[in-house]
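Some notes on the structure that comes next.
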Amino acid sequence: MFDWLFRYANPARFMGLTTTLLPWLSGAAVLALAAGLYLGFSAPPDYQQGRTVLILFIHVPAAIMSTMVYGCIVVASLFSLVNRHILADVAARTAAPLGAIFTLLALATGSLWGRPMWGVWWVWGDARLTSTLVQFFLYLGYIALWGAIEDETRAARICAVLALVGAVNIPIIKYSVEWWATLHQGESIMSGKLAGVFLTPWLVMMLFYVLLFVCLWLVRIRTMILERRIRSLMQGAS
Amino acid sequence: MNFDMSPYGAFIWPAYGLSALLLGSFTLWTIARWRAAKAKLASLEQK
């Protein structure tokens, strides 16, 4: 079933494929950013939130990426545990700092949006805010665990298990606004509540965030493949 | 394009500034690390 995936999971093939893909993907990311900013800053003020609606275009994509990147780590961790594929370990490890940055951005921009709209920077009792903070700590813990274990094979196994255990937080983040009474507003984009004039710039900015993640993730995987080759060359020489 | 954020400029600009700073610096760091690894590997393979 995953034969096609393993064909490209060969490090040499992966390097060749990404050499071709990266210029196109990064070009598309730059275009999406330019279009997203243009459309976003051209959008009218919201009748309730005024110009703070501009924060929507950077806060929601960062929050979605926070859980999406974790989803990528979970899938890579499953491949790592089941198939023991080296590229799966590298993919999981290299995605984590990106996920941490997106989560930090979601928390910070959310706080900057919450202050003028709710009157507070942070509410500890809010399930969405707290579960997202837990997600940030999960990323930090995952990154720290990779760095703490010297044997890479052992580190990959333990980190994969941690990633799978931490996956329980994803549905909690997603459904927190439905399961509990939260200050954070409910889902408004997929439910069609967002006006078209805001939806278009949001979609373009979301595309930018996805493309940026894919580009940075691919470059980070490529870098780690090279660093592993450097290590093995240096070990061979000594 | 409308850059008048009043009365919320103190919240909107820092949100955009922080996003640009974090994503921009991480992108630059990622590219720098890739280039360093590529250069080091090339020099090792030459040896």
Exactly one of A:Val210, A:Val177, A:Val214 is assigned to a helix (DSSP H, G or I), of a type in the set (Val, Ile, Thr), in contact with a His (Cβ under 9 Å, 6 or more places away or on another chain) and surrounded by 15 or more Cβ atoms within 10 Å (Cβ to Cβ), and that residue is A:Val177
In the range A:197-238, which residues are more than 10 Å from chain B (Cβ to nearest Cβ), without any contact (Cβ under 8 Å) to a residue 12 or more places away in the chain and hydrophobic (A, V, I, L, M, F, W, C)? A:Leu199, A:Leu203
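Applying the selection to the range A:43-60, what residues are in contact (Cβ under 8 Å) with a residue 12 or more places away in the chain and among the hydroxyl-bearing types (Ser, Thr, Tyr)? Lay out the reasoning, then the answer.
So in the range A:43-60, the residues in contact (Cβ under 8 Å) with a residue 12 or more places away in the chain come out as A:43-44, A:46, A:49, A:52-60.
A:Thr52, the sole residue that qualifies.
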From the residues in the range A:34-57 that are surrounded by 13 or more Cβ atoms within 10 Å (Cβ to Cβ) and either small (Gly, Ala, Ser) or closer than 28 Å to A:Val90 by Cα (or both), which one is nearest to the other protein chains (Cβ to nearest Cβ)? A:Gly50
The number of residues in the range A:190-201 that are modelled with pLDDT of 85 or more and over 20 Å from the mean Cα position of the chain (by Cα) is 6
Scan the range A:80-129 for residues that are free of Cβ contacts under 8 Å to residues at least 12 places away in the same chain, over 22 Å from B:Leu22 (Cβ atoms) and in a helix (DSSP H, G or I) and report the count. 1
Name, by its number, the condition in (1) more than 7 Å from chain A (Cβ to nearest Cβ); (2) surrounded by 12 or more Cβ atoms within 10 Å (Cβ to Cβ); (3) of a type outside the set (Lys, Arg) that does not hold for B:Ser6. (2)
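A quick yes/no check of all residues on (1) closer than 14 Å to A:Ala92 by Cα; (2) without any contact (Cβ under 8 Å) to a residue 12 or more places away in the chain; (3) not in a loop (DSSP other than H, G, I, E, B):
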| position | (1), (2), (3) |
| --- | --- |
| A:Ala155 | yes, yes, yes |
| A:Cys159 | yes, no, yes |
| A:Leu162 | yes, no, yes |
| A:Val165 | no, yes, yes |
Close pairs (6 angstrom Cβ cut-off, 6 or more residues apart or separate chains): at pLDDT 85 or above in the range A:170-189, of a type in the set (A, V, I, L, M) anywhere: A:Ser176/A:Ala127
Pairs returned, first residue in the range B:36-47 that is at the interface with chain A (Cβ under 9 Å from one of its Cβ atoms), second residue that is hydrophobic (A, V, I, L, M, F, W, C) and part of a helix (DSSP H, G or I), beta-carbon separation under 6 angstrom, 6 or more apart or interchain, are B:Ala37/A:Leu226; B:Lys40/A:Ile230; B:Leu41/A:Leu226; B:Leu41/A:Ile230; B:Leu44/A:Leu233
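Out of curiosity, is B:Tyr16 within 28 Å of A:Pro97 (Cβ to Cβ), in contact with a helix residue (DSSP H, G or I) (Cβ under 8 Å, 6 or more places away or on another chain) and facing chain A (nearest Cβ under 8 Å)? Reasoning before the result, please.
On the way: within 28 Å of A:Pro97 (Cβ to Cβ): yes; in contact with a helix residue (DSSP H, G or I) (Cβ under 8 Å, 6 or more places away or on another chain): yes; facing chain A (nearest Cβ under 8 Å): yes.
It is true that B:Tyr16 is within 28 Å of A:Pro97 (Cβ to Cβ), in contact with a helix residue (DSSP H, G or I) (Cβ under 8 Å, 6 or more places away or on another chain) and facing chain A (nearest Cβ under 8 Å).
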Residue among B:Ala10, B:Ala42 that is assigned to a helix (DSSP H, G or I), modelled with pLDDT of 95 or more and more than 26 Å from A:Leu212 (Cα to Cα): B:Ala10
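The values are calculated or read from the model by the stated rules, or taken from the named source; none is laboratory data. What you are looking at is a predicted structure, and each value in this text was computed from that prediction instead of being measured. Quick reminder, even Gly has a Cβ in these numbers, built from the backbone with ideal geometry, and neighbours come from all protein chains shown.
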